[in-house]
Amino acid sequence: MLANDKPSATESRRDRVKSGNMGVDGASTLTFRQPETGLFHYTFVYPPAPRPSVTKLSSAAVAPRKQSHIAERETEILRIAGDILAEHGLEGLTMERILERVDFSKGTLYNHFTCREDLLVAFHTKCFADHLAFFARGALFRGRARERYMAAGMGHEIKCRLDPQPFRFDLTEDILGAASERWRDAFFEMHRETMGIFVGIARDAIASGDLPARHSPEFVASTTWALCIGADALHEGGMIFRGVASADFAAVRRQMVLALEDGFEWRPLSREHDYEAVRLRILREVYGHEARQLGLLAELQGAGS
């Protein structure tokens, strides 16, 4: 299938993702098109489920219930893993500690996660999955590409405020290499789908003429991602902006991103456009419920709009 071909109505979501680079068309429909080349080329369905064999087609009627039960159990295991990480740190997460807190057998646990590294990779994958819906909502914001990029990025801030992670860790090559193929592939696929949202918006910006084509969409998306993750890590480590609270640092990070995007000459430039007004509009139109819940917009408190 060519990169510009539209997927047929009979294609599955996974097939559509595989067929193209991820962009956003219109205001209500996400379409997925994989780039011919790029840094990220993965797809994702969470939780990854085994495909039914031909000999098991007769049990298809009960498969959805079984898969739902599997997903619920794995979600519970990962919740417990998160608690242990928060209490004991990375080295404190062991399969034995998981077993102490569940009501099923060791064999059942190992059917879901074959080792400690599986848990770590799956935990990261779930974090990506939890954020993806927020990114996708932001990508559908009615505005120019740079405004939509801002809206998608704000999804991370909103999600982290709603559900702060008490423990953060990096996935090393050793962890990924020791994990099972199922969870390793799931992580890479989710990474691709998540990055695909930002890559797609950057591609739209180039197509519209707002963003010069000196850099690839993958480079633009990777650079802004690296800035945000790196800035957060440095701030948490006390290396930059010491004394600035985490909640206040979000505003500093937004200014960093605006400066970076100005460096790409991504229009409208921040000196020509009121991005603070855009941010408030995004909070109202995209994340209104969460903004009220978090008290991010005083004027939204008690308002019906």
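Coordinate-derived values only; no laboratory data. Only a predicted model underlies this, so the values are computations on that prediction, with no experimental measurement involved. Cβ placement follows ideal geometry from the backbone for every residue including glycine, while neighbour counts extend to all protein chains displayed.
For the reader, a short list of remarks on this structure follows.
- As a rough guide to protection, the peptides 250-257, 211-218 ranked by mean Cβ packing within 10 Å, highest first, stand as 211-218, 250-257.
- Here segment 116-295 is treated as a Stokes sphere of Kirkwood radius computed over C-alpha pairs; at 4 °C and 1.567 mPa s its diffusion coefficient rounds to 75 µm²/s.
- Mean-position separation - Cα centroids, segment 150-180 and segment 91-125, in angstrom: 19
- Shape category assigned to segment 102-152 from the gyration tensor of Cα positions, a/c cut at 1.5: prolate
- Peptides 198-210, 107-119, ordered by how many other C-beta atoms sit within 10 Å of their residues on average, highest first, read 198-210, 107-119.
- Each peptide among 152-160, 91-99 gets the average number of other Cβ atoms lying within 10 Å of its residues, and from highest to lowest they stand as 152-160, 91-99.
- Put simply, the Cα atoms of segment 58-112 extend 45, 19, 15 Å along their principal axes, the longest span coming first.
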